[in-house]
1. It is to be established whether one or more residues within the stretch 99-114 are under 13 Å from the mean Cα position of the chain (by Cα) and at pLDDT 95 or above.
2. Quick check on my filter: what residues within the stretch 105-140 are touching a residue at least 24 places away in the same chain (Cβ under 8 Å), closer than 17 Å to residue 45 by Cβ and assigned to a helix (DSSP H, G or I)?
3. It is to be established whether one or more residues within the stretch 27-50 are more than 22 Å from residue 100 (Cβ to Cβ), part of a helix (DSSP H, G or I), at pLDDT 95 or above and under 17 Å from the mean Cα position of the chain (by Cα).
4. Which of the following residues is surrounded by fewer than 17 Cβ atoms within 10 Å (Cβ to Cβ) and under 17 Å from residue 22 (Cα atoms): 117, 109?
5. Residue under question is residue 102, and the condition is that it be part of a helix (DSSP H, G or I), without any contact (Cβ under 8 Å) to a residue 12 or more places away in the chain and either surrounded by fewer than 15 Cβ atoms within 10 Å (Cβ to Cβ) or touching a helix residue (DSSP H, G or I) at 6+ places or on another chain (Cβ under 8 Å) (or both); does it hold?
6. What is the one condition in (1) touching a residue at least 24 places away in the same chain (Cβ under 8 Å); (2) under 13 Å from the mean Cα position of the chain (by Cα); (3) surrounded by fewer than 18 Cβ atoms within 10 Å (Cβ to Cβ) that residue 21 does not satisfy?
7. Could you grab me the full set of residues in the stretch 40-49 that are within 20 Å of residue 105 (Cβ to Cβ), exposed (fewer than 10 other Cβ atoms within 10 Å of the Cβ) and without any contact (Cβ under 8 Å) to a residue 60 or more places away in the chain?
8. Scan 67, 12 and give me the residue that is without any contact (Cβ under 8 Å) to a residue 12 or more places away in the chain, under 29 Å from residue 136 (Cβ atoms) and part of a helix (DSSP H, G or I).
């Protein structure tokens, strides 16, 4: 059953999604898949990330996820929220990677596929953190 969400609950849910996404992406990009991206993307990569665009993404993407998942109140179930988040991740990362495949020389299908799978998973986990936080705060 969906219940309304207070502003405080929405903020905490956003922070949970933000934390999940930044921790997961930090591990993925900084450790697990760092050499994969360096090898596959080569000259397309900057030597170090640009902080402002990265910060904008990590602040705004979980905000959009929060808005979409909590728009009508707490999700009917955490599973529903995870599924909805996964769809958002698939579409967002899919759009990004399809655009890169269309316009960038040297952007490989392999990178696109790995990135879409990763983005779908990471967004689903951020959705789980968000929904679990909202559900815990909304419980009687």
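The values are calculated or read from the model by the stated rules, or taken from the named source; none is laboratory data. Because the structure is a prediction, the values reported are computed rather than measured. Quick reminder, even Gly has a Cβ in these numbers, built from the backbone with ideal geometry, and neighbours come from all protein chains shown.
1. The answer is no; no qualifying residue exists.
2. Matches in the stretch 105-140: 110, 111, 114, 118.
3. Yes: one or more hits.
4. It is 117.
5. Working: part of a helix (DSSP H, G or I): yes; without any contact (Cβ under 8 Å) to a residue 12 or more places away in the chain: yes; either surrounded by fewer than 15 Cβ atoms within 10 Å (Cβ to Cβ) or touching a helix residue (DSSP H, G or I) at 6+ places or on another chain (Cβ under 8 Å) (or both): yes.
The answer is yes for residue 102.
6. Against the list (1) touching a residue at least 24 places away in the same chain (Cβ under 8 Å); (2) under 13 Å from the mean Cα position of the chain (by Cα); (3) surrounded by fewer than 18 Cβ atoms within 10 Å (Cβ to Cβ), residue 21 comes up short only on (3).
7. Scanning the stretch 40-49 gives 46, 47.
8. Numbers: 12 fails: without any contact (Cβ under 8 Å) to a residue 12 or more places away in the chain.
Of 67, 12, the one residue that is without any contact (Cβ under 8 Å) to a residue 12 or more places away in the chain, under 29 Å from residue 136 (Cβ atoms) and part of a helix (DSSP H, G or I) is 67.
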